[in-house]
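The values are calculated or read from the model by the stated rules, or taken from the named source; none is laboratory data. Note that the coordinates shown come from a computational prediction; the quantities given were computed from them, not determined experimentally. Glycine gets a Cβ as well: all are built from the backbone with ideal geometry, and neighbour counts include every protein chain shown. Heavy atoms of the whole protein, side chains included, go into the accessibility calculation; ligands, DNA and RNA do not. Shrake-Rupley method; radii C 1.70, N 1.55, O 1.52, S 1.80 Å.
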Amino acid sequence: MRCDCYIPSGCAVSGIMSKAGERMDGNDIIRSIALMHDRSNGLGGGFAAYGIYPRHANEYAFHMMFDNMEAKDQCEEYLKDTFDIVLDEEIPTRPGAVFEQDTSGRSAECGTQPITSPPILWRYFMDVPEHRTTFVSEREYVVEKVMDINSKFTGTFVASSGKNMGAFKGVGYPEDIGMFYKLDEYKGYIWTAHGRFPTNTPGWWGGAHPFCLLDWSIVHNGEISSYGINKRYLEPFGYKLELRTDTEVVAYLFDLLVRRHKMPMDLAVRALASPFWKDIDRMPKREQKIATAIRQVYGGALLNGPFSIILGYSRGMVGFNDRIKLRPMTCATKGDDMLYMSSEESAIREIADPDTVWSPKAGTAVIGELNWEVE
């Protein structure tokens, strides 16, 4: 799976959410990301989908990538020792399939570029044995096992590990990746997508976006230039950063701040895209004290560099930019239900006729949450 080829430039992100929990197939998210074909270069594309496994909603769904059968056999022995495997099966794919609509980006010179040479793609639906959680929470146990697999098993990679969700990613253009994984046959209430133009990091199957841990998924346009500082901040908390891309720090930071430190989502975003000191000095007294405390306590979590990020999780979707807005993000709503986020407004209008369209201010989070009655 791993290679050392990269070309520096930009990326595309897109997200769709039904607050009412209405499940949609993957056709719209594929069309949305396909319209931004030229923001990618064929070295990575991927999707995260929530609500796709209702019959296994209470089990952890591990999407796995293996270089070969030996790697798969070794990892399966580990999974059998650490989890109760309810079901395991090959992830359905459509080898050779390509996106063939007008926005496919195909050219007379290059033609279509079907997805080739995938790793072994397998999924496991698993429970955590009760006796394993005597001294650690169930979710912390799962995080530990994901870190173990990604750091200790050669040729093995956990693409996603949440409940009732999954990541589908690989090397290729995102619209072709979507057709390869048969996303038109899945239904979910939140979809995010990414077209990759790798910056400073290799293009390989495990290195494509989204980056996931538990139900957190991150797609990202830009560059996290504070990667080294963020990595050193995360490692003492037990996170192992092995995936050779800057974006993985963002998924782990949300896990640390929201799940482990129980920060509200808006404050977690403020820690990652904290206001400048000159702006904090101008805030009302109470707000100033909160912003100062966050910057002082969570300085190691601050993200520097140009970025626009979409976070997906089991209860919602969050979009935010860097503090100067050096990468684009447009949001839109339709009625009381639908929320859209994208690198370009055109990618939203490709699939919807929104009521409201706006560009969020730099460092300001747009948070969409499922209605409370949605399970």
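The fraction of all Cα pairs in the chain landing in successive 10 Å bins from 0 to the largest distance is 5, 25, 35, 25, 8, 1, 0, given as whole percents.
Can you give me the accessible area per residue for the stretch 112-175, using a 1.4 Å probe, in Å²?
Numbers: 2450 Å² over 64 residues.
That works out to 38 Å² for each residue.
Helix-only arithmetic for the chain: the sum of -39500 (n - 2.57) across DSSP H runs with n ≥ 4, divided by the residue total, places the mean residue ellipticity at 222 nm at -7000 deg cm²/dmol.
What are the GluC sites (Glu not before Pro) within the stretch 214-323 that DSSP puts in a loop, where the Cβ has at most 15 other Cβ atoms within 10 Å?
Taking the stretch 214-323 and a limit of 15 other Cβ atoms within 10 Å, the loop GluC sites (Glu not before Pro) found are Glu242.
When a/c reaches 1.5 or more, the comparison of a/b and b/c decides; with that in mind, is the stretch 248-302 rounded, prolate or oblate per its Cα gyration tensor? It comes out prolate by the Cα gyration axes.
Relative contact order of the chain, please, whole-number percent, based on alpha carbon pairs below 8 angstrom and at least 6 residues apart. Show your work: numbers first, answer last.
Details: 904 pairs, mean separation 97.4, N = 375.
Once normalised by length, the contact order is 26 percent.
Karplus-derived 3J(HN,Hα) values for the stretch 273-288, using 6.51 cos²θ - 1.76 cosθ + 1.60 with θ = phi - 60°, are 10, 5, x, 5, 4, 5, 6, 4, 4, 8, 6, x, 3, 5, 5, 4 Hz; glycine and proline are entered as x. For the chain, the share of accessible area belonging to carbon and sulfur comes to 48 percent (1.4 Å probe, ligands and nucleic acids excluded). For the stretch 142-201, the dipole from Cβ point charges (+1 on Lys and Arg, -1 on Asp and Glu) about the Cα centre works out to 160 debye, to the nearest 20.
Run the reach check for Lys334 against lysines, Cα to Cα strictly under 17 Å, same-chain hits fewer than 8 apart removed. What comes back? Correct list for Lys334: Lys19. By the gyration tensor of its Cα atoms, with a ≥ b ≥ c the square roots of the eigenvalues, what is the shape of the stretch 142-181: rounded for a/c under 1.5, prolate for a/b over b/c, or oblate? Taking the square roots of the gyration eigenvalues as a ≥ b ≥ c, the stretch 142-181 is oblate. Listed by chain and number, the aspartates and glutamates whose C-alpha is less than 19 Å from the C-alpha of Lys278, apart from same-chain residues fewer than 8 away, are Glu287, Asp322.
Applying 0.36 nm per residue to the separation of Val136 and Ser359 and subtracting their alpha-carbon distance, the gain on full extension is 76.1 nm. When the chymotrypsin sites (Phe, Trp or Tyr not before Pro) in the stretch 129-169 are filtered for DSSP coil states and for at most 13 other beta-carbon atoms within 10 Å of their beta-carbon, the remaining sites are Phe135.
Where the only charges are on Cβ atoms (+1 Lys, Arg; -1 Asp, Glu), what is the dipole of the chain about its Cα centre, to the nearest 20 debye?
For the chain, the charge dipole is close to 1540 debye.
Sorting Thr247, Thr356, Thr93 by accessible area puts them as Thr356, Thr93, Thr247; the probe is 1.4 Å, largest comes first, and only protein heavy atoms count. Between the alpha-carbon centres of the stretch 110-180 and the stretch 46-99 there is a gap of 6 Å.
When you restrict to C-alpha pairs under 8 Å that are six or more residues apart and normalise by the size of the stretch 227-303, the relative contact order lands at 36 percent. Separation of the stretch 247-302 from the stretch 312-356 is 22 Å, based on Cα centroids. Computed over neighbours whose Cβ is under 10 Å from that of Phe197, the net charge equals +1, Lys and Arg +1, Asp and Glu -1.
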